[in-house]
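The values are calculated or read from the model by the stated rules, or taken from the named source; none is laboratory data. Since the structure is predicted, the reported quantities are computational estimates derived from the model, not experimental observations. For neighbour counting, all protein chains shown are included, and Cβ atoms are generated from backbone atoms with ideal geometry for every residue, glycine included.
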Amino acid sequence: MSILLEIRDKLRDTHAAVARLETEFAGDKNDAGLGLMLESLLQRQKSLESAFLEAAYRDQIEVCSYRLIKEHDTNFPVAALGDTLKGFQTWLTTIFDAIRTGPKEKARPSAEMVQQTTLDFGYAFAGSLGLVFTIPNERLLIGESDLDQSIDAMFRMLHSQRQEELADFAHAYGVSAIRRMYDWAYTHARYAISADIKWRRREEIRKEVLLQAPEAEYLCRLIDSTNEIEGEEITVIGQLVGGDTATNRFHLRFPDSPDITGEMAETFSYSGDLILDRSYRATLLLTKTIHYATDSEKTDYQLLALTPI
């Protein structure tokens, strides 16, 4: 067994002993013996936590503490705990995959990506509900590793205040990364749970954020109101099976692809008669609208010009 695992097991036992003694001492504050035992255990706990960080550093392992905080009660539904941690893990994997293989609208990380970003449970600590996770991270002599960049990206994304910032992150890491952040933040907002997250290397806190439940709710609203719109002019040849200048609607049919329907552009004009069931060369404006909160995509077409074949 490695030194890190030995320390982890000692920490788990010590935290459990501290929790028991705190409960006993709360019922009898005048018991000096219990007080001394509790003080001794707390000192041992602090020493073991420092040893854990040092051993993790030697093994090139990052340490993440994740504390969940409830303002009004201390009940944590299993669904809230599970969805919160799963959402955080999925978001990390998605960012890492984007850095390794490029941004995507719909990410499906490989088994290798999932394995390289899996957070392993270390131990729990007091303070609402505190959890410590570990993850290997090969350090580079120059620059940051892909995991370092992933963690940095996540913390920067959490400070988004404007739609333009979200759009920049979507271009850098993919719309899917924004959706995964939305899913995670939505769980915190839904259950009114704040998150105190620290990434440590030895005693140094390299990244830190306290995301309160109202802030998570604001972040969700910001993402929900953000769309990405892309326009592209295309030319196709199809059969006009529907056209009405009164309603400004058109309908094109193709032998080997789905039909296209849409509106005629304000600038559309045609000097002759529109003849149904006739082939035309159509110039269209294709507009894609991507909704960040659902990573769903809506496609619209505007008819710019028709040329008979």
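For the stretch 89-98, check the following and say yes or no: at least one residue is in contact with an Asp or Glu (Cβ under 8 Å, 6 or more places away or on another chain), among the aromatic types (Phe, Trp, Tyr), in the same structural domain as residue 188 (by TED's automatic domain parsing) and closer than 25 Å to residue 290 by Cα. Outline the logic, then answer.
Of the residues in the stretch 89-98, the ones in contact with an Asp or Glu (Cβ under 8 Å, 6 or more places away or on another chain) are 90-91, 96.
In the following step, the residues that additionally are among the aromatic types (Phe, Trp, Tyr) were identified as 91, 96.
When the remaining residues are screened for being in the same structural domain as residue 188 (by TED's automatic domain parsing), the result is 91, 96.
Next, from what is left, pick out any that are closer than 25 Å to residue 290 by Cα: 91, 96.
Looking for residues that are in contact with an Asp or Glu (Cβ under 8 Å, 6 or more places away or on another chain), among the aromatic types (Phe, Trp, Tyr), in the same structural domain as residue 188 (by TED's automatic domain parsing) and closer than 25 Å to residue 290 by Cα, one finds at least one in the stretch 89-98, hence yes.
Among the conditions (1) surrounded by fewer than 17 Cβ atoms within 10 Å (Cβ to Cβ); (2) not polar (S, T, N, Q); (3) not assigned by TED's automatic domain parsing to the domain that holds residue 163, residue 221 misses just one, which is (3).
Selection of first residues in the stretch 117-131 that are in contact (Cβ under 8 Å) with a residue 60 or more places away in the chain and of second residues that are small (Gly, Ala, Ser) and loosely packed, with under 15 Cβ neighbours inside 10 Å, restricted to Cβ pairs under 7 Å at least 6 apart or on distinct chains, gives the following pairs, ordered by first then second residue: 126/19.
Could you please let me know if residue 209 is more than 18 Å from the chain's Cα centre (by Cα) and either among the β-branched types (Val, Ile, Thr) or crowded, with 19+ Cβ neighbours inside 10 Å (or both)? For residue 209, the condition - more than 18 Å from the chain's Cα centre (by Cα) and either among the β-branched types (Val, Ile, Thr) or crowded, with 19+ Cβ neighbours inside 10 Å (or both) - is not met.
Against the test of being surrounded by 12 or more Cβ atoms within 10 Å (Cβ to Cβ), within 28 Å of residue 104 (Cα to Cα) and of a type outside the set (Asp, Glu), the options 304, 274, 286, 240 yield a single qualifying residue, 286. Within the stretch 182-216, the residues that satisfy the criterion of being over 12 Å from residue 83 (Cα atoms) and either touching a Ser or Thr at 6+ places or on another chain (Cβ under 6 Å) or basic (Lys, Arg) (or both) are 198, 200, 201, 202, 206, 207, 212, 213. Restricting attention to the stretch 283-309, the residues that are under 22 Å from the mean Cα position of the chain (by Cα) and in contact (Cβ under 8 Å) with a residue 60 or more places away in the chain total 8. Hey, among the residues in the stretch 5-20 that are touching a helix residue (DSSP H, G or I) at 6+ places or on another chain (Cβ under 9 Å) and in contact (Cβ under 8 Å) with a residue 60 or more places away in the chain, which one's surrounded by the fewest Cβ atoms within 10 Å (Cβ to Cβ)? In this case the residue turns out to be 18.
In the stretch 59-73 there is at least one residue that is in contact with a Ser or Thr (Cβ under 7 Å, 6 or more places away or on another chain) and modelled with pLDDT under 90. All told, residue 266 meets the bar of being exposed (fewer than 13 other Cβ atoms within 10 Å of the Cβ) and of a type in the set (Asp, Glu). List every residue pair whose Cβ atoms sit under 7 Å apart, with the two residues 6 or more apart in sequence or on different chains, where the first one lies in the stretch 248-259 and is in the same structural domain as residue 275 (by TED's automatic domain parsing) and the second, anywhere, is part of a loop (DSSP other than H, G, I, E, B) and loosely packed, with under 14 Cβ neighbours inside 10 Å. Listed pairs, sorted by first residue: 251/259; 252/259; 253/259. Listed here are the helices (runs of 4 or more DSSP H) enclosed by the stretch 1-101 that have at least 1 residues being of a type in the set (Val, Ile, Thr) and more than 30 Å from residue 147 (Cβ to Cβ): 3-27.
Filtered by the rule that a residue be at negative phi and surrounded by 15 or more Cβ atoms within 10 Å (Cβ to Cβ), the stretch 243-261 gives 243, 250, 251, 252, 253, 260, 261.
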